[in-house]
1. Of these, Ile127, Ile103, which one is among the aliphatic types (A, V, I, L, M), open to solvent by less than 30 Å² (accessible area, probe 1.4 Å) and on the phi < 0 side of the Ramachandran plot?
2. Report whether or not Leu169 is open to solvent by 50 Å² or more (accessible area, probe 1.4 Å), at pLDDT 85 or above and within 25 Å of Leu93 (Cα to Cα).
3. Condition first: at pLDDT below 90 and loosely packed, with under 13 Cβ neighbours inside 10 Å. Can you find one or more residues in region 148-165 that meet it?
4. If you go through region 75-87, how many residues are closer than 17 Å to Trp140 by Cα and modelled with pLDDT under 95?
5. Those residues that are part of a helix (DSSP H, G or I) and within 19 Å of Leu93 (Cβ to Cβ), I need them from region 124-133; list them, please.
6. From Asn134, Asn108, which residue is open to solvent by 80 Å² or more (accessible area, probe 1.4 Å), farther than 17 Å from Phe35 by Cβ and among the polar types (S, T, N, Q)?
Amino acid sequence: MDNSTSLQEDHKERKDNYFVWLINGWLGLISAACFIYAGLAAKNYLSIFEQIAYILTLDLPVIISVRSWNDDTKNHLRKFGAKEWIIAIVGTLIVYAVSGYLIGKFTNDPRPWIDAISFAISLTAGIMCFLRYNNQYFWWTASGIFQLILWGVTYAQGDATLAMAVNSLIYVVNDVLAFTVSPWFNMGRKREG
């Protein structure tokens with residue numbers, strides 16, 4: 001490879017990392033702040049903790065590791081085997097049961113169990129992303145679907161605008177697209193054969 005090709009690739013990599021840093025990092029923080037406000041206003045309290053989990057597992061790691069997050073992550077994916085599936089499913093169910101019970105008992109959340117399942121799945125997806133597992137997109141898709149349900153029900157009950165449900169629908173579309181274009185998911189599939 002000649003020097004000019006190497007410089008072009010280095011420039012492209014820096015540009016890609018900047019894009020990830022800006023979109024997934026800083027705009028993710030802004031999005032989280034908006035969701036936290038909407039969750040508080042709608043009394044979907046676990047959606048607030050969901051956004052805090054996103055900040056900790058997605059936004060901050062991207063901001064802190066601006067030069068390496070995207071490439072380092074897609075080149076060091078971890079395989080998601082049977083043991084990891086069991087841990088993820090059992091962990092999600094435990095978080096669902098505990099958070100649904102606690103949020104229903106100690107707050108005035110009018111949808112504690114829908115809020116809890118959305119939170120539990122989203123928390124698992126964020127942890128899987130942070131730990132660099134390729135099968136996280138199954139969880140992101142489920143998370144998007146349950147967020148859509150949560151905000152659709154919230155809208156139907158008069159506690160939110162339709163914009164939150166539409167926003168959740170956009171996330172579902174994004175999650176489905178990830179199955180076809182994400183280097184994380186596809187590189188993990190190629191390694192598995």
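The values are calculated or read from the model by the stated rules, or taken from the named source; none is laboratory data. Treat the numbers as computed from the prediction; the structure is a model and nothing was measured. For neighbour counting, all protein chains shown are included, and Cβ atoms are generated from backbone atoms with ideal geometry for every residue, glycine included. Heavy atoms of the whole protein, side chains included, go into the accessibility calculation; ligands, DNA and RNA do not. Shrake-Rupley method; radii C 1.70, N 1.55, O 1.52, S 1.80 Å.
1. Ile103
2. yes
3. yes
4. The total comes to 6.
5. Thr124, Ala125, Gly126, Ile127, Met128
6. Working: Asn134 fails: open to solvent by 80 Å² or more (accessible area, probe 1.4 Å).
Checking each option against the conditions leaves just Asn108.
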